[in-house]
Every structure is written in C-alpha cells, then in structure tokens.
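A.B. asks: Handing you a structure now.
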Amino acid sequence: MLLCYTGASRFSGATIGRVMRAYERGDAEVAAALDGLRLVAERTAEALRAGDLARLGELLSENWRLQQCLDPGMCTPEMARLEQAMRSAGALGGKAAGSGAGGSMFFLAGEDPRRAAEVVGALGMRLLPVRWADSGVRPC
C-alpha cells in the first residue's frame, strides 16, 4: 500500500458542502454514488477477510470512481496524473484518501512496488510513511 501526497491540498469543506446540498435536493446521481460507496465498503471488508488483493484493488478503484460521481471537482489534475501513472506502473487500484479533491491518494501496488514508488517521485510527488497495526488505529 502506497500513500502518496500530490502536493496540492485543498480544503474539503467546500466539496463536502456541495455533495450535501446535492443530496438534500434529491440529486439521483449523488444518491446512487453514496449507495454504491456503501456497497463497495461491504465488499471491501469481504475482500480483506479473503485476502483477495486483486479484488481489493478493483474495489479501491470503484470507490474512487464513485467518489468522483459525487462532485465534479473531486479529482484534481494532479490526482488524475498520479492515477494514470500508477495504473501504468501496475498498481492494482487506488483512490483518494479522505474526502477527495485534494492532496493524498493511496494505491495497492502490483507486483513491483518499487516501480510504483519511483513513479510518485518522477511526478514530483511524495510518498508518505505508512505503518500497519494489528490492533487498528490508536491515538499516539
């Protein structure tokens, strides 16, 4: 898993506000995307339990596709460049971290994680450290 900082953060409050307003006025595309995100979360848990990395990669990318349906500004040009480059480097999938429209994305690297990491640097972006914990997220 690679966590990448694009160098172009944005305040997500405006994006979240647009999504909420669209949902409140009954925007069918936004409602469908939110329902799809719920289904992807359920399937992601199943893929994790099964240790199915290929499926997990597909689901990360499906999550990202659905996030982009929520708001036209969800994907910045930097994020689009990173996504394309990571796909070319063999990443199994990826998505925005947080609410999107901003600075970080994470990807499930394919067979050659070093190649994927090199792509991040070649784009002038930065890899952020990631540590996995058996017991889940805990305060420092």
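A.B. asks: So, of the residues in region 64-110 that are at pLDDT below 90 and among the hydroxyl-bearing types (Ser, Thr, Tyr), which turns out to be surrounded by the fewest Cβ atoms within 10 Å (Cβ to Cβ)?
C.D. replies: Per the criteria, the residue is 99.
A.B. asks: Still on this structure, I have one more. Please work out if residue 5 is buried (at least 18 other Cβ atoms within 10 Å of the Cβ) and among the aromatic types (Phe, Trp, Tyr).
C.D. replies: yes
A.B. asks: Give 121, 93 a once-over and let me know the one that is farther than 30 Å from residue 22 by Cβ and not basic (Lys, Arg).
C.D. replies: Step by step, each of 121, 93 is checked, and only 121 is farther than 30 Å from residue 22 by Cβ and not basic (Lys, Arg).
A.B. asks: What tally of residues in region 118-130 results from selecting those that are under 22 Å from residue 77 (Cα atoms), under 18 Å from the mean Cα position of the chain (by Cα) and either among the acidic types (Asp, Glu) or surrounded by fewer than 16 Cβ atoms within 10 Å (Cβ to Cβ) (or both)?
C.D. replies: Summing the residues that are under 22 Å from residue 77 (Cα atoms), under 18 Å from the mean Cα position of the chain (by Cα) and either among the acidic types (Asp, Glu) or surrounded by fewer than 16 Cβ atoms within 10 Å (Cβ to Cβ) (or both) in region 118-130 gives 3.
A.B. asks: Checking residue 87 against (1) touching a strand residue (DSSP E or B) at 6+ places or on another chain (Cβ under 9 Å); (2) closer than 25 Å to residue 41 by Cβ; (3) touching a residue at least 12 places away in the same chain (Cβ under 8 Å); (4) not β-branched (Val, Ile, Thr): exactly one of these is not met. Which one?
C.D. replies: Condition (3) is where residue 87 drops out.
A.B. asks: Every residue in region 83-119 that is within 27 Å of residue 14 (Cα to Cα), out of contact with any helix residue (DSSP H, G or I) (no Cβ under 7 Å at 6 or more places or on another chain) and not polar (S, T, N, Q), please.
C.D. replies: 83, 97, 98, 102, 103, 106
A.B. asks: How many of the residues in region 85-135 are basic (Lys, Arg), touching a Gly at 6+ places or on another chain (Cβ under 9 Å) and in a helix (DSSP H, G or I)?
C.D. replies: 2
A.B. asks: Being closer than 26 Å to residue 117 by Cα, of a type outside the set (Asp, Glu) and part of a helix (DSSP H, G or I) narrows it down to one residue among 38, 65, 21, 43; which is it?
C.D. replies: 65
The values are calculated or read from the model by the stated rules, or taken from the named source; none is laboratory data. The structure presented is a predicted model; accordingly, all values stated were derived computationally and were not measured. Heads up, the Cβs are rebuilt from the backbone with ideal geometry, glycines too, and the neighbour counts pull from every protein chain shown.
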